[in-house]
Structures are given as structure tokens and as C-alpha cells.
1. Here is a check on your reading of the model: is ASP78 within 22 Å of GLY14 (Cβ to Cβ), free of Cβ contacts under 8 Å to residues at least 12 places away in the same chain and either of a type in the set (Lys, Arg) or surrounded by 12 or more Cβ atoms within 10 Å (Cβ to Cβ) (or both)?
2. Just give me the residues in the range 83-110 being within 18 Å of HIS61 (Cα to Cα) and small (Gly, Ala, Ser), in sequence order.
3. Out of the range 52-90, which residues are closer than 14 Å to LEU23 by Cα and either in contact with an Asp or Glu (Cβ under 7 Å, 6 or more places away or on another chain) or assigned to a loop (DSSP other than H, G, I, E, B) (or both)?
4. Given the residues GLY66, GLY15, which is the only one that is exposed (fewer than 14 other Cβ atoms within 10 Å of the Cβ) and small (Gly, Ala, Ser)?
5. Has the range 38-46 got any residue that is at positive phi and surrounded by 13 or more Cβ atoms within 10 Å (Cβ to Cβ)?
6. Of all residues in the range 37-51, how many are farther than 18 Å from PHE91 by Cβ, assigned to a strand (DSSP E or B) and in contact with a strand residue (DSSP E or B) (Cβ under 6 Å, 6 or more places away or on another chain)?
7. In the range 81-93, which residues are free of Cβ contacts under 8 Å to residues at least 24 places away in the same chain and not β-branched (Val, Ile, Thr)?
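Only the coordinates and a few stated rules stand behind these numbers; no lab work does. The structure displayed is predicted, hence computed values, not measured ones. A quick note on method: Cβ atoms are made from the backbone with ideal geometry, for glycine too, and the neighbour counts reach across all protein chains shown.
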Amino acid sequence: MSDLIPIPVSIKIGGFDYAVSELSHKEAETHGIDARVDFYDLTIKVRGDMHMQHFAERMLHETLHGIWDAAHLGETEDEETVVTRLSKGLFQVLRDNPQLVTLVTQAGTS
């Protein structure tokens, strides 16, 4: 990961503070994953050896799983498909439209 882009220490989802940390290489390889969210421990872990763009998209992906859980959408076969498609689409929109990010983050702050 690049030291130039600050990685959040925590992310608030549905009123809960999820701690963000690096997923160990061993855990990633053992479970065949590159990121995970734990709704009980309130943690999001992402492999730190990925390119920053992949890391950011995976953070967004796991955040969407957190939103899914907070919205009580329930476990379904479709969750992973929906979250994957939304995370990739949202990642692209946010990267290509920084003015949208500014609008959303600054709304109601004045």
C-alpha cells in the first residue's frame, strides 16, 4: 500500500464503528480471500499487498457488505453478486467524479 494515501483507522456503518486493519497474508491465503468484514467484531480487513486501487475498491466492497447488514437485507445468494457489481460501479463513479464526492461530503456542513 502507498503511504501517500491515508487509510482510515475506522469506518462508521449503520451507527457502528468498524476498525480497519490489514488482512495477513497467511489468513488471506488460508481462506482464499483478499478482504473480509466481521459484523460481530466490527472489523474490516483488507490485504495490504494489493495495488492501492484494488485496496480502495475492496474497502468499498466490504463497506457495502456492512451497509447490507445494517439495512437488515438478510443473507441471500445474491448478496455477493450485488455487492460486487455495486462496489465496482460505485468505485468507478467516485474516481471519475471527484466533484460528486465533494458534494456528498460537504452537504449540510455550512
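1. Values: within 22 Å of GLY14 (Cβ to Cβ): yes; free of Cβ contacts under 8 Å to residues at least 12 places away in the same chain: yes; either of a type in the set (Lys, Arg) or surrounded by 12 or more Cβ atoms within 10 Å (Cβ to Cβ) (or both): no.
For ASP78, the condition - within 22 Å of GLY14 (Cβ to Cβ), free of Cβ contacts under 8 Å to residues at least 12 places away in the same chain and either of a type in the set (Lys, Arg) or surrounded by 12 or more Cβ atoms within 10 Å (Cβ to Cβ) (or both) - is not met.
2. Restricting attention to the range 83-110, the residues satisfying the condition of being within 18 Å of HIS61 (Cα to Cα) are 83-96, 101.
Answer for the range 83-110, where residues must be within 18 Å of HIS61 (Cα to Cα) and small (Gly, Ala, Ser): SER87, GLY89.
3. Result: ARG58, single match.
4. On the way: GLY66 fails: exposed (fewer than 14 other Cβ atoms within 10 Å of the Cβ).
After applying the criteria, what remains is GLY15.
5. Step one: list which residues in the range 38-46 are at positive phi, which gives 42.
Remaining after also requiring surrounded by 13 or more Cβ atoms within 10 Å (Cβ to Cβ): 42.
Within the range 38-46, one or more residues are at positive phi and surrounded by 13 or more Cβ atoms within 10 Å (Cβ to Cβ).
6. 2
7. The initial filter retains those residues of the range 81-93 that are free of Cβ contacts under 8 Å to residues at least 24 places away in the same chain, namely 81-86, 89, 92-93.
Residues satisfying the conditions are ARG85, LEU86, GLY89, GLN92.
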